[in-house]
């Protein structure tokens, strides 16, 4: 039937004309951050969402289903750019409506309706709504990992971690918590819980003050409670695209309770360092290290397999901690994390327990 073929051909040409590359290019170039758009991927799929930013040939896109993603403009095209949203209408979730000229009676009714009531703030101007900064919220991640092995040796281990951070003007807060547990041949080989909260205040573009509170308990080395409070200053030694390096120093007060033996305080001088390297949009390397030294002669008792034992006061009292994490994003919410952790505490009497190394892997979910 020639007429049907002609009709189908006309419809196809109309669709191609409506979504031509020239129109897609024009729509892409006219798109602005904050606009609702339809994105067509190179494989033909389409996503509806919001443009976050566009720069250096890349599009940062927010999908209500898939979350945030970064795409090259060569791999995606913005097919439609709807009419910009009115700031007041955007706050209410509606599109801009063309206002009709009100009559005198209507104007009076609207004025009466918008008149502030006692105890209310009234209606804010549209300009104020548009200029209001977005409220900062906590951003973080939860990680879970587990290993089980049977055969020549029976091994069971798991680790759980949660971390969150929030920036408010010059203040930066960061907290984390972790649980480690492992068994080998039905004998506990790791049993540790720790948490910390760090606050940094930006003094200038590169300098900052910091305070950090740390807690941990470790049943294997007989530490029931270890509390540390640090205060110090730091300097941003490296601040390049993809690279951030901070160094600093401070003082730390430590309070420790042993399962056996006496409790005690110890002062420490501390130096710290942290580094972040963003390889690309998917892979990030994060590393931090701390070294502490105490002039205390450690006259308090330190247990040895549950039995108190006095440490030789001539031994040096120092601690070192190093952490490195390679994080790979599967999606904007899901990540795979490989961690290497090293700790040395010379205040522990059992020499074999002073040094600890761990390599853990976990699946993370961002929130």
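Just so it is clear, none of the values below were taken in a lab; they were calculated from the coordinates. Keep in mind it's a predicted model, so treat the numbers as computed, not measured. Cβ sites come from the backbone with ideal geometry, for glycine too, and all protein chains shown count toward neighbours.
Going 7 Å from the Cα of residue 177 in the Cα-to-Cβ direction, what parts of the stretch 195-237 have a backbone nitrogen less than 18 Å from that spot?
195-199, 213-219, 225-228
Using R₀ = 35 Å, calculate the FRET efficiency as 1/(1 + (r/R₀)^6) where r is the Cβ-Cβ separation of residue 245 and residue 184; round to 0.05. Don't skip to the answer; put the middle values down first.
Working: r = 38 Å, r/R0 = 1.09.
With R0 = 35 Å, the Cβ-Cβ based efficiency is 0.40.
Once you place label points 7 Å from the Cα toward the Cβ at residue 269 and residue 166, how far apart are they in nm?
3.7
So if we plug the beta-carbon distance of residue 139 and residue 219 into 1/(1 + (r/R0)^6) with R0 = 30 Å, what FRET efficiency do we get, rounded to 0.05? Each step should come with its number before you reach the end.
Details: r = 32 Å, r/R0 = 1.08.
Step by step, r from the Cβ atoms, then E = 0.40.
If I model a spin label at residue 231 and residue 321 as a point 7 Å from the Cα along the Cα→Cβ vector, what separation in nanometres do I get?
Reported label-point gap for residue 231 and residue 321 is 2.0 nm.
With label points built 7 Å along Cα→Cβ from the Cα atoms of residue 152 and residue 293, find their separation and express it in nm.
Roughly 4.3 nm, to one decimal.
With r defined as the distance between the Cβ atoms of residue 197 and residue 338 and R0 fixed at 25 Å, what FRET efficiency is calculated, to the nearest 0.05?
Working: r = 25 Å, r/R0 = 1.00.
Here the calculated transfer efficiency is 0.50.
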